[in-house]
Amino acid sequence: GIVSSGTSSKQLDKETDARFVGYFGAVGEGLLSLGTILAVAGGLGSVARWEEVYSAFGQGGVNAFVEGGGRLMEQGIGLPASLSATVLATMAVLFAATTMDTGMRLMRFVVTEAAGSVNIQVNKFIATIVVVGIGMAMTFSQGLEGGGGMRIWPLFGTTNQLLASLTLSIIGVMLIRKRRNPLPALLPLILVFVMSFWAAIEQLFSFADPANPDWLLFGLDVIIIISSIWVAIEAFFAMRKAAVDPPEPENADEMLEVVREDV
């Protein structure tokens, strides 16, 4: 949701390009996922090597991707093993770099818009400095080895899926305004929100475990839960308002496009 509204939308020439770009972006993402699964699973060569690499939960990681993908490239297109491993390692680094770049860009948008909401003008340079500063502070908050980001990693899954439910709620409002069937958005919205909210509650109890408490994550989880309830209430009222308001004209998108071209 944030990526499509914050990054992709600024790369489209016009709104009607969104379906084409979004569809093939999803296809590309799916192919990348499929290739990664093949690399980390089928590329290891034998059951014995599989058991060695995945000897415990959390093992494997990037090394398994590089090794498995390199072997597939060597056997598939004949590249030498060393060159194949180098290509796969470069791909992994590029994935990480583009992810970091996208995250920084999105955070810069958030900082700029948040400051604008309180009538504070922040240019892109100041916003970038703020974002990089926050990122570095988080990265080195647990020491110079740079593992600070893993401190809040346990909350990633919950927040990621709650963000997905927010995106689905926006789509639901749009469909209701257009008087189209909202169930394709509302049904997964209910499932994703309920399961994610349930997970957040479960995590809250685990973070408050007297034997091994984690009060930082407990506090962040409380904020996430409160924010989720707030967003759910806002989404409900937005959908109810969309249902009673006059329907949006069928050619509303085309009319908006004409206005933008005139501007």
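The values are calculated or read from the model by the stated rules, or taken from the named source; none is laboratory data. It should be emphasised that the depicted structure is a prediction, and the values quoted were computed from it without experimental measurement. Glycine also receives a Cβ, built like all others from the backbone with ideal geometry; neighbour counts cover every protein chain displayed.
The residues of region 209-220 that are at pLDDT 90 or above and surrounded by 12 or more Cβ atoms within 10 Å (Cβ to Cβ) amount to a single one, Phe218. Screening the candidates Thr102, Thr128, Thr98 for the property of being in a helix (DSSP H, G or I) and either touching a strand residue (DSSP E or B) at 6+ places or on another chain (Cβ under 8 Å) or modelled with pLDDT of 85 or more (or both) yields one hit, Thr128. Residues of region 106-125 that are assigned to a helix (DSSP H, G or I) and surrounded by 10 or more Cβ atoms within 10 Å (Cβ to Cβ): Leu106, Met107, Arg108, Phe109, Val110, Val111, Thr112, Glu113, Ala114, Ala115, Gly116, Lys124.
Among the numbered conditions (1) of a type in the set (Lys, Arg); (2) part of a helix (DSSP H, G or I); (3) more than 21 Å from the chain's Cα centre (by Cα), the only one that Arg151 does not meet is (3).
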